[in-house]
Structure formats: C-alpha cells, structure tokens
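Q: Let me give you the structure first, and then I'll get to my questions.
The values are calculated or read from the model by the stated rules, or taken from the named source; none is laboratory data. The structure presented is a predicted model; accordingly, all values stated were derived computationally and were not measured. Heads up, the Cβs are rebuilt from the backbone with ideal geometry, glycines too, and the neighbour counts pull from every protein chain shown. Surface areas here come from the heavy atoms of the whole protein model, side chains and all, with no ligands, DNA or RNA. Shrake-Rupley method; radii C 1.70, N 1.55, O 1.52, S 1.80 Å.
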Amino acid sequence: MTPQDNELLCRVEGDAPMGQIMRRHWMPACMIEEVAEADGKPLRVRLLGEDLAVFRDTNGRIGILDDHCPHRGASLSLGRNEECGLRCLYHGWKMDVEGNVLEMSSEPAASKLVERVKHKSYPAREAGGFVWTYMGPPEEMPEFEPPLFAPTEQTPVSIVKIHVGCNWAQILEGAIDSAHSSSLHSSDMVPSRVDGAKATDSNWLRPSTDKAPRLQVQATPFGFRYAAIRRPIRNAETHDYIRVTLFVAPYTVVIPPNNLYNVANMNIPADDNHTVFYFIAWGGMETPHPEVWRKFCGAQPGVDLDMNWNNLRRRDNDYLQDRQAMKLGNFTGIRGIPQQDICMWETMGPMTDRSRDRLGASDLAIVEFRRQMVEAARNFAAGGPAIGTTAPRVPLVSLSSFEGVVPKSTDWRTLAVSTEEKSLTEARSV
C-alpha cells in the first residue's frame, strides 16, 4: 500500500474523502446512558475532528451542538443545561437542541442579533443503547435505520466503550483479522472438544486448534463477507470449522456469535489519530448484563477505565502487563479480549504506515478492506456516492454472521444469508 493510499484510507478530518463518506452515514455519538438525565450534565464528544456538546433537554429531547459557542467560542459542554436549552457560562447565550439562539444575556433588550444567529446542530436519534447523529449535507440525509444489533426495541444490548489512541482503520483491520485470535487471545478463546463456539463466565471456547485459517472473501452490497476455515478437533476428515465475519461499510464489523449471544464492534473516528471503540453483545436472554460484559472485557469504568472511558492501561505503563501471569501460562498477561487488541493497535503508532507491511495468506480480509475503502474514497473524491448509501440496500437487521462445524461440501456463502441479501448479492454479480 502506498503512503498516498494510506492517507486516503485513514484521514477523516475536514474535507478528507473518508471523513466525508462517514458523514453520509448515521453514526453513534455516544451511549444513551451518558446523557440519560433530562437537564443533566452535557457531554463533550469528538467526532471526525469536531468537538460537539450532547445533552438531553428538559423535555427529554437530545441536542447535538458544536461545542464552541457562536459568540466567542467557549465550550458549551461546560454550560448550564436548563429550561430546554444549553446556556454558555461566558456571557449567558442559550441554544436549544436545534441550534436556535433563545437568549443573549449580554446583549441589549432591543438587539436584533438573536434573530440573525443560528448555531451549528446535528440531528439525533436513539436506538440500540446509542445516540446517533448524521453530520453530512441535510439534503442527503438518509432515513434513520435501526442498527443491526437492535432488530427490536426489546433486544438486549450490552456495550463496552473505550477511547483508543490510534486511527480507526487499524482498529477495524484488527476486527477482521481472524488469524490473530489463535495467538493474541489464546488464553481467552480456548480450544475445546465442543460442537461450536461456547461462552462461559471466563472464556470463549472454540472447537479447533488450527492457528492458520484458510480465508475466502465475498464482496457484497454492504461491504464484504469472509470465511475463516479451520480444521475442527472432531471429524476433521469430513468437516470444517467455519467462522463468517461481515464488514458493513464504513465502520462496523459483525463477529461470529457464540451459543449465548451475538458480537459486533463499531470503530468511530474521533479524529485522525483517535477512535471511539464500541464492543457490543446482543441477542436473547443470555446476553450478559452490561456490567458483566464490561467485567469480562476488562473495561469497567472505575476499575479498568476512568469515568470518561479512557483506558488506565497505556503504553507508558506497558498496559499493566502481568509478566508473572505469563510465566504461569497466560499468553499476554493482559486481561480482557479488547484490552489485548488495544495494546496491539496503539503500539503500531497513531496512524500506522501500511507501506511497511508484509502481508500473507491470512491477511486476505485486510487486503479486501483496504482495496474496497481506498476505491470508495477515490470514487467519492471523483464525485461518486458514498459507499453504502446507494439503492437497493440490504436491510441492516437482515445481516448476520455465522460460526459452526459443517460438512466440507458446504458452501460457506450460503450460511446465515437472508433472502434479501442473497437476491441483492446475486444481482450485483450479474
């Protein structure tokens, strides 16, 4: 990959094509739990290089405003959330959830300035445990669609949130890298004589010892699917262990499930060198409670993270790696699957130089991601539509990943594929 293509893939701030693609999609701004209280503390959020203030007003409506007051640029997230508006502490200017300036305390009563100022605001929706926003041109705003992990309002959803000190693309590449799990996560994803992936309180069990999966990729209307094919512990002569992962452009990965719940992650660029990482469990009644999920992942606020979701494991403290635990058999000495990933992502640097990579057969999905998204950025820069926005589109709630031991004759491209996705994928290939 050339340095120029690397920049095209990674940069999201300002007019960068990749950031402009992101802006054409609804994106999570924060979790609902962070702004649950009407007239509560506003939340400062950074997305695509912009500082935003997110708040819930007196009537329960969500506002997403430019964090810099239109008067002199002071922070609105430090302001007073009261009487259906956010009031700047500096001179008392007050804005509602739509950016209308309601009051200008510092201006004479006869001033008409209040009628001429409109503050930047973005639309907000709530679904699946998240507050979502759209930051693109209003005339291109798509209808809001519930996320794939919240097919109904009653679907249990548990969320891990961590601020990560590197570019979004190297995090997403980690999520579509099946080969690393057999090494990096080997103390948590344990080979076992089971018939499929199983979740316990402390481990994820898998029916294979194969550390070198064979990868195959299929382009789809939403991004791509890929299969990691391994030898199973049982019936290796007649069966394969297959894990099918989905990349849903531009920022979501649907990870193969276990017997109790589904798994996905979203990798949301705060700016060029920082990402908000969300790791999500969802599904049925066996979905772990949010606190149980966070404990399992080593991502509890007040224990593993500070109260603003910043990691207490950092490069300057070697991610609190336990070398004694490593001597006793733990592969990494780092607790929590996403925490193990984070120390790999961050130590690549804020924005890794992919021109230095030496890729192999196990990197096929990463090659496809880079090819697809660099091509998408070039196409957008040339005046084309943003990837994932053109009709016909596969309904998100119809998408699902797969894992299981199946006969060798099975075509993995047929596994867990909805009728809608199948018809659109076939039409695309004609």
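Q: Using modelled amide H (1.01 Å from N, peptide plane; none on Pro or chain starts), what sits under 5 Å from the amide H of Asp271, excluding residues fewer than 5 places away?
A: Placed amide hydrogens put Leu48, Gly49 under 5 Å from Asp271.
Q: Also, quick follow-up: Suppose all protein chains stay in the model; what accessible area per residue would a 1.4 Å probe give for the range 57-143, in Å²?
A: For the range 57-143, the solvent-accessible area averages 51 Å² per residue.
Q: For the chain, modelled as a GNM with alpha-carbon contacts under 10 angstrom, which of Pro137, Pro17, Pro257 fluctuates the most?
A: Maximum fluctuation in the GNM of the chain, among the listed residues, is at Pro137.
Q: Using a Förster radius of 22 Å, what is the FRET efficiency between Leu89 and Glu13 based on their Cβ-Cβ separation? Nearest 0.05, please.
A: Between Leu89 and Glu13 the formula returns 0.20.
Q: On to the next question. Report in % the part of the accessible area of the range 222-300 that belongs to carbon and sulfur, leaving out ligands and nucleic acids; probe 1.4 Å.
A: Within the range 222-300, the accessible surface is 52 percent carbon and sulfur.
Q: Using a 1.4 Å probe on the protein heavy atoms only, what accessible surface does His274 show? Give it in Å² to the nearest 10.
A: His274 has an accessible surface of roughly 90 Å² with all protein chains in place.
Q: If the cut-off is 25 Å between C-alpha atoms, which lysines fall inside it for Lys408, apart from same-chain ones fewer than 8 positions away?
A: Excluding near neighbours in sequence, the set is Lys198, Lys211, Lys422.
Q: Using Cα pairs under 8 angstrom and six or more residues apart, how large is the relative contact order of the range 21-78, in percent?
A: Averaging sequence separation for qualifying contacts and normalising by length gives 25 percent for the range 21-78.
Q: Could you calculate the contour length gain from Glu286 to Lys211, that is, 0.36 nm times the residue separation minus the distance between their Cα atoms, to one decimal place in nm?
A: 24.1 nm
Q: Now, a different point. Per residue, how large is the accessible surface of the range 292-430? Use a 1.4 angstrom probe and give square angstrom.
A: 54
Q: Another question, then. Students often get this wrong: which residues of the range 212-241 have the backbone nitrogen under 13 Å from the point 7 angstrom along Cα-to-C-beta of Ala427?
A: 221-222
Q: What dipole magnitude, in Debye to the nearest 20, does the chain give about its Cα centre under +1 on Lys/Arg Cβ and -1 on Asp/Glu Cβ?
A: Dipole about the Cα centre, nearest 20: 1060 debye.
Q: If you don't mind, there's one more thing I want to ask. Between Arg116 and Ser202, what length in nm is gained on full extension when 0.36 nm per residue of separation is reduced by their alpha carbon distance?
A: The span from Arg116 to Ser202 would gain 25.1 nm if fully extended.
Q: Pick from Ala227, Ala109, Ala382 the residue whose mean-square fluctuation is largest in a GNM of the chain, springs joining Cα atoms under 10 Å.
A: Highest fluctuation among the options: Ala109.
Q: Amide H of Leu52 versus every other amide H placed in the peptide plane: which residues, excluding those fewer than 5 positions away on the same chain, fall under 5 Å?
A: Those qualifying (amide H under 5 Å, at least 5 residues apart or on another chain) are Val45, Arg46, Leu47, Asp67.
Q: A further question follows. Output the relative contact order of the range 213-333, whole-number percent, from Cα pairs under 8 angstrom with separation of 6+ residues.
A: About 11 percent, as a whole number.
Q: To continue, here is another question. Tell me, what % of the accessible area of the range 139-190 is carbon and sulfur with a 1.4 angstrom probe?
A: Whole-percent figure for carbon plus sulfur exposure: 50.
Q: State, as an integer percentage, the relative contact order of the chain based on alpha-carbon contacts under 8 Å between residues 6 or more apart.
A: 18
Q: As a check on your grasp of the helix formula, calculate [θ] at 222 nm for the chain: sum -39500 (n - 2.57) over DSSP H runs of n ≥ 4, divide by the residue count, round to the nearest 500.
A: -5000 deg cm²/dmol
Q: Along the Cα→Cβ direction, 7 angstrom out, place labels at Ala236 and Gln321. What is the inter-label distance in nm?
A: My value for the distance between the label points is 3.1 nm.
Q: Pop a pseudo-label 7 angstrom from the Cα along the beta-carbon direction at both Glu98 and Met348 and give the gap in nm to one decimal.
A: 4.3
Q: List the residue ranges in the chain for DSSP H helices whose C-alpha atoms run 24 angstrom or more along the long axis and whose Kyte-Doolittle average is 1.6 or above.
A: Helices meeting the criterion: none.
Q: If you don't mind, there's one more thing I want to ask. Compute the Kirkwood hydrodynamic radius of the chain, taking the inverse of the mean of 1/r over all pairs of distinct Cα atoms, and give it in Å to one decimal.
A: 23.0
Q: Please quote Rg/Rh for the range 310-430 to two decimal places, taking the Kirkwood radius as Rh and restricting both calculations to Cα atoms.
A: Checking Rg against Rh, the ratio lands at 1.07.
Q: Just the number, please: carbon plus sulfur as a percent of the accessible area of the range 14-104, 1.4 Å probe, no ligands or DNA/RNA counted.
A: Percent of accessible area from carbon and sulfur atoms in the range 14-104: 45.
Q: So which residue, out of Pro232, Pro138, Pro250, gets the largest mean-square fluctuation from a GNM of the chain using Cα contacts under 10 Å as springs?
A: Looking only at Pro232, Pro138, Pro250, the biggest GNM fluctuation is shown by Pro138.
Q: Separate question: Tally Lys/Arg at +1 and Asp/Glu at -1 over every other residue whose Cβ is under 12 Å from the Cβ of Pro290; what's the total?
A: Here the count lands on +1.
Q: Same structure again: For the range 1-52, what does the accessible surface come to per residue with a 1.4 Å probe? Please give it in Å².
A: Counting only protein heavy atoms, the per-residue value for the range 1-52 is 39 Å².
Q: Quick one: what are the phi-derived ³J(HN,Hα) couplings along the range 123-129, Karplus 6.51/-1.76/1.60 with θ = phi - 60°, whole Hz, x for glycine and proline?
A: Residue by residue, the range 123-129 yields x, 9, 9, 10, 6, x, x Hz.
Q: Under a Cβ-only charge scheme (Lys and Arg +1, Asp and Glu -1), can you give me the dipole magnitude of the range 342-430 about the Cα centre, in debye to the nearest 20?
A: Using only the charged Cβ atoms, the result is roughly 220 debye.
Q: Now a separate question. Express in nm, to one decimal, how much length is gained between Glu143 and Ser105 on full extension, taking 0.36 nm for each residue of separation and deducting their alpha carbon distance.
A: Contour length minus the Cα-Cα distance gives 9.9 nm.
Q: Something else now. Quick one: if you stick a label point 7 Å off each Cα along the C-beta vector at Arg356 and Ala391, how many nm between them?
A: For the pair Arg356/Ala391, the computed spacing is 4.8 nm.
Q: Return the long-range amide H neighbours of Leu260 (sequence gap of 5 or more, or a different chain), with a cut-off of under 5 Å between placed amide H atoms.
A: Ala199
Q: Work out Dmax and Rg for the range 1-84 from the C-alpha atoms and quote the Rg first, both in angstrom.
A: Values for the range 1-84 (Cα only, Rg and Dmax): 15.8, 53 Å.
Q: Going by Cβ distance under 4.7 Å, what cysteines of the chain have no possible disulfide partner?
A: Those would be Cys10, Cys30, Cys84, Cys166, Cys297, Cys343, since no other cysteine Cβ in the chain comes under 4.7 Å of theirs.
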